Amino acid sequence: KTNERLAVNYPFNDMDILWDYKKLQFYSFFTFLAGIIAGLIGVGGGMVLGPLMIAMEVNPRVSTSTTATMVLLTSSSVAVIFVMSGLVPWEYALFFFLVCLCGAYIGKTKIDAYVKRTGMASILIGILATIIALATIGCIVNLFMGLASVNWCLAGFNQFCTVSSGSGSDCAARLLEAHDLFPEAQRMFPF
């Protein structure tokens, strides 16, 4: 379609993407990767593709609406899987649905009105960056809290590293036992 529009001197917006095969291939790869990440760990595809679209200089309003659509689709497909598996606690699901619905309504009406009134689409980028930063900080805090709960035993997989007596020596002994199980790893990581 880009070539057809170029042929008739279509008046492109300054932030329109002029799609070619290379850009389509690049974006398709990351869309596929975002789908895998969304399916594996439950992060909406927008968390991966939002920053990518900003880096590709997509209009921030187009980026946020596309991201919202992707999050809706990936979240809905995961929700259907959980419902079909019988793993949905309906009281929590209904409560959080209503909270999310209210938040989405307020966000859409208030923030969108602000962007239309002031023309500052950069606030959308700031909100996206804040959400990603808070998620990153939350993951780091969760990591440190988990490590602190096992006496800072960072020895790999749980079955190889359990602290039962509360001393660090048990962790080191487990690590040595696991190290002996994998002689190839011992050659690769001689610690």
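The values are calculated or read from the model by the stated rules, or taken from the named source; none is laboratory data. Computed from a predicted model, the values in this text were never measured in an experiment. As a convention, Cβ positions derive from the backbone with ideal geometry for all residues, glycine included, and neighbour counts pool all protein chains shown. We work out accessible area using only protein heavy atoms, side chains counted, and drop any ligands, DNA or RNA first. Shrake-Rupley method; radii C 1.70, N 1.55, O 1.52, S 1.80 Å.
Once the stretch 1-34 is narrowed to residues that are polar (S, T, N, Q) and closer than 12 Å to LEU52 by Cα, the residue that is surrounded by the fewest Cβ atoms within 10 Å (Cβ to Cβ) is SER28. For the stretch 87-99, residues that are open to solvent by 90 Å² or more (accessible area, probe 1.4 Å) and of a type in the set (A, V, I, L, M, F, W, C) total 6. ILE37 falls short on exactly one of the conditions (1) at pLDDT 75 or above; (2) in a helix (DSSP H, G or I); (3) open to solvent by less than 100 Å² (accessible area, probe 1.4 Å); (4) of a type outside the set (Gly, Ala, Ser), and that condition is (1).
The single condition from (1) modelled with pLDDT under 85; (2) exposed (fewer than 10 other Cβ atoms within 10 Å of the Cβ); (3) assigned to a helix (DSSP H, G or I) that LEU124 fails is (2).
Reported count of residues in the stretch 108-128, each being within 20 Å of the chain's Cα centre (by Cα) and closer than 21 Å to SER75 by Cβ, is 3. VAL141 fulfils the conditions (1) part of a helix (DSSP H, G or I); (2) over 27 Å from MET53 (Cβ atoms); (3) over 17 Å from the mean Cα position of the chain (by Cα) except for a single criterion, (3).
Figure legend. Inter-residue proximity from the stretch 47-63: first residues under 18 Å from LYS116 (Cβ atoms), second residues part of a loop (DSSP other than H, G, I, E, B), beta-carbon distance below 8 Å, spacing 6+ or different chains. Indicated pairs: ASN59/ASN13; ASN59/MET15; ASN59/ASP16; ASN59/ALA121; PRO60/ALA121; ARG61/ALA121; VAL62/MET15.
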